[in-house]
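Notes to accompany the following structure.
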Amino acid sequence: MDHLRSPRPSRSSRSRRRLALAVPVVLSLTASLGFLPAAASAAPGADTAQEAARTAGATDAPDLAYVVNTRTDHRTIASVQRAIAEADGRVVATYRKIGVIVVHSADPDFGKEIRRVRGVQSAGATRTAPLTAAGTTDQGTAETLTDAQAARTAEASRAAGASEPLEADQWDLRAIGADKAAQINPGSPRVTVAVIDTGVDDTHPDLAPNFSAAQSANCVGGKADTSEGAWRPYTADDYHGTHVAGEIAAARNGVGVAGVAPGVKVSSIKVSDPDNGLFYPENVVCAFMFAADHGVEITNNSYYVDPWLYNCMDDPDQRAIVDAVNRAQLYAQRKGTLHLASAGNSNHDLDSDAIVDDSSPDDSTPVTRTIDPHECFDVPTQLPGIVTVSATGVDKEKSYYSSYGKGVVDVAAPGGDGRYQIPDTPSKNGRILSTMPNNEYGWLQGTSMASPHAAGVAALLKSEHPWASPAQLQRLLKAQADNPGCPASYDQDGDGAEDAGCEGGERVNGFYGYGIVDALRAVK
């Protein structure tokens, strides 16, 4: 699924302005961003979600979900809650510390009405299709490790003296020195990386030793459920979060694979919708708040917030989404949490003048639009203070699918490239091998896989520097990275045309940011 940053194996530059770099979390983004010109083509029209509800029929209208963003004082929140009830809205959750209220309403005009209420700074629908009954989700199939491959890899691992049976196929660990780093410092159990994703199978033998149930929850619907196992994937097809968790912290216990930081804790905050697998804004707001309030040091975000690949500020719904998620992630940063996020799998130059987005909204009927990535934002990737990670393959070249951009990408990390960068490993697989539900292992590739590698290195740095703030930790992460510089040519398919353009020098550039993370340098 494209909103997850792991694609199936078959698929003029200016400095980027990050969102609201210094604004307090309680402020509207109006002052810091302004409105876009009409040419930005944010959407087929404002209030798209309300129109969808209206066409369903006024007498039997379905529910839509909304975020309503206000000032944080008690009087304002109470007043707005009364107005929500008067406008036929039902409060699902109120995050008073950041002034975000999650609401359901069947009134197609709810958004317009509530935006007129005194104290409301922004408000809008978080989806363009009505709420539906829960069901199972299908993310497609990954490449599962076969018994024959496992036996061959185990033999090679033993010959190489590796501690884990499948480590010979983990070219990604060796690419960033994580195998050697583990011998010096595998990471501290006092550091937790929360995987905000599709859920984590904490019963997997490679994950159980390092799993933190006390810092795990199900945030679907915008309100945290901490009941036993609520954080687990719905089905084995919801493997994405389990794969990500193994890349970060699979234990070195003589079983399966190893993670980049095999001594740290990993937790699961599930945010994927059970019906369609999408990551709606209210779920992500809940996840950032839960992580912050439960002592999580680092979060990994291998997704973009649905339903918009890019959120444009002249659309009131998209504007409210940016505002709500930004408030939550900034709150977490102030509480000491560093966030890492994937750059995306569209091979987009996020520092270009225009990008064609033909995938949004992804919960109803997409409409092709042209956006300016300096004005329409990938959330949470382009929010202030978040570490944006691009993907590389075994040859340390940008993966063919990875989005990039000077001033956008902060660091790079192995995400796999099964098309052009094939490793000399037992399975000859250029993707990333990691844990899967039901005690299995499999390969995936994408910036989804790059971000957890960088999160693992950040966890090693946090283990070495426990008092480092999120900003200091980000500086350390950039300082230890190794930058190969822009390639002389990037024509991976050999057709004579450049497949992407790298801008910048050897210190900082659009493909790698400050460089490819290095676990060994992090622990030294």
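On the first, second and third principal axes, largest extent first, how far apart are the outermost C-alpha atoms of segment 264-416 in Å?
42, 39, 29
Residues in segment 242-283, backbone N under 19 Å from the label point at Arg190 (7 Å along the Cα-to-beta-carbon vector): list them, ranges by number please.
261-267
In whole Hz, with x marking every Gly and Pro, tabulate ³J(HN,Hα) for segment 269-279 from phi via Karplus 6.51 cos²θ - 1.76 cosθ + 1.60, θ = phi - 60°.
Karplus values, whole Hz, x for Gly and Pro: 10, 7, 10, 7, 5, x, 7, 10, x, 7, 9.
Sort the following peptides by mean Cβ neighbour count (other Cβ atoms within 10 Å, averaged over residues), highest first: 223-234, 261-272.
For the peptides 223-234, 261-272, the packing ranking is 261-272, 223-234.
Could you list which residues have their amide H under 5 Å from that of Tyr303, counting only those 5 or more apart in sequence or on another chain, with H placed in the peptide plane?
Those qualifying (amide H under 5 Å, at least 5 residues apart or on another chain) are Arg5, Ser342.
Pick out, from Ala148, Asn253, Tyr420, the residue whose Cα sits farthest towards the positive end of the charge dipole of the chain, with +1 on the Cβ of Lys and Arg and -1 on the Cβ of Asp and Glu.
Asn253
Please give the net charge around Tyr95, taking every other residue with its beta carbon less than 15 angstrom from that of Tyr95, where Lys and Arg add +1 and Asp and Glu add -1.
Net charge around Tyr95: +3.
Would you please put 186-197, 297-308, 370-381 in order of how densely packed they are, using the mean number of other Cβ atoms within 10 angstrom per residue and starting with the highest?
Packing order, densest peptide first, comes out as 297-308, 186-197, 370-381.
At 1.4 Å probe size, with every protein chain present, just tell me what the per residue accessible area of the chain comes to in Å².
For the chain, the per-residue accessible area is 35 Å².
Give, in nm to one decimal, the length gained when the segment between Ala78 and Glu506 is fully stretched (0.36 nm per residue of separation minus the Cα-Cα distance).
148.7 nm
Could you tell me the largest-minus-smallest coordinate of the C-alpha atoms of segment 237-295 on each of the three principal axes, in descending order and whole angstroms?
Reported extents, whole Å, longest axis first: 39, 30, 12.
Using the charge dipole of segment 296-429 (Lys, Arg: +1 at Cβ; Asp, Glu: -1 at Cβ; taken about the Cα centre), state which of Leu338, Gly393, Cys376 has its Cα farthest towards the positive end.
Farthest along the dipole direction, towards plus: Leu338.
Taking the Cα centre of the chain as origin, work out the dipole magnitude from +1 charges on Lys and Arg Cβ and -1 charges on Asp and Glu Cβ, in debye rounded to 20.
2100 debye
Take the cross-link list Lys223/Lys265; Lys112/Lys223; Lys265/Lys335; Lys396/Lys428; Lys478/Lys524 and give me the ones stretching past 20 Å between alpha-carbons.
Cα-Cα > 20 Å for Lys223/Lys265; Lys112/Lys223; rest within.
Skipping prolines and chain starts, which residues have an amide H placed within reach, meaning under 5 Å, of the one on Glu143, given they are 5 or more residues away or on another chain?
Trp443
Taking H placed 1.01 Å from N in the peptide plane, check which residues at least 5 places from Gln121 or on another chain put their amide H under 5 Å from its amide H.
Placed amide hydrogens put Asn69, Thr70, Arg71 under 5 Å from Gln121.
Considering only the other residues whose Cβ falls under 10 Å of the Cβ of Tyr404, what net charge follows from Lys and Arg at +1 and Asp and Glu at -1?
-1
For segment 415-506, take the alpha-carbon Rg, divide it by the Kirkwood Rh, and send me Rg/Rh.
With Rh from the inverse mean 1/r over Cα pairs, Rg/Rh is 1.05.
Can you pull the one-decimal nm distance between simple spin-label points at Thr365 and Thr226, each 7 Å off the Cα toward Cβ?
4.5 nm
Quick one: Karplus J couplings for segment 170-180, per residue in order, coefficients 6.51, -1.76, 1.60, θ = phi - 60°, nearest Hz, x for Gly and Pro?
9, 4, 5, 5, 5, 4, 10, x, 6, 5, 6
Cα centroid distance between segment 191-237 and segment 329-351, in Å?
With segment 191-237 and segment 329-351 each reduced to a Cα centre, they are spaced 21 Å.
Using only C-alpha atoms and all pairs of different ones, pull out the Kirkwood radius for the chain in Å with one decimal.
After inverting the mean inverse Cα-Cα distance, the result is 22.7 Å.
Kindly write out, for segment 210-215 in residue order, the coupling ³J(HN,Hα) from the Karplus curve 6.51 cos²θ - 1.76 cosθ + 1.60 (θ = phi - 60°), rounded to whole Hz, with x marking Gly and Pro.
With coefficients 6.51, -1.76 and 1.60, one gets 10, 7, 10, 5, 5, 10 Hz.
Rounded to the nearest percent, how much of the accessible area of the chain (1.4 Å probe, protein heavy atoms only) is carbon and sulfur?
After summing per-atom areas, the C and S share lands at 49 percent.
The values are calculated or read from the model by the stated rules, or taken from the named source; none is laboratory data. As the structure is a prediction and not an experimental result, all values here were calculated from the model. Every residue, glycine among them, receives a Cβ derived from its backbone with ideal geometry; neighbour counts consider all protein chains shown. The accessibility values were calculated without ligands, DNA or RNA, using every heavy atom of the protein model including side chains. Shrake-Rupley method; radii C 1.70, N 1.55, O 1.52, S 1.80 Å.
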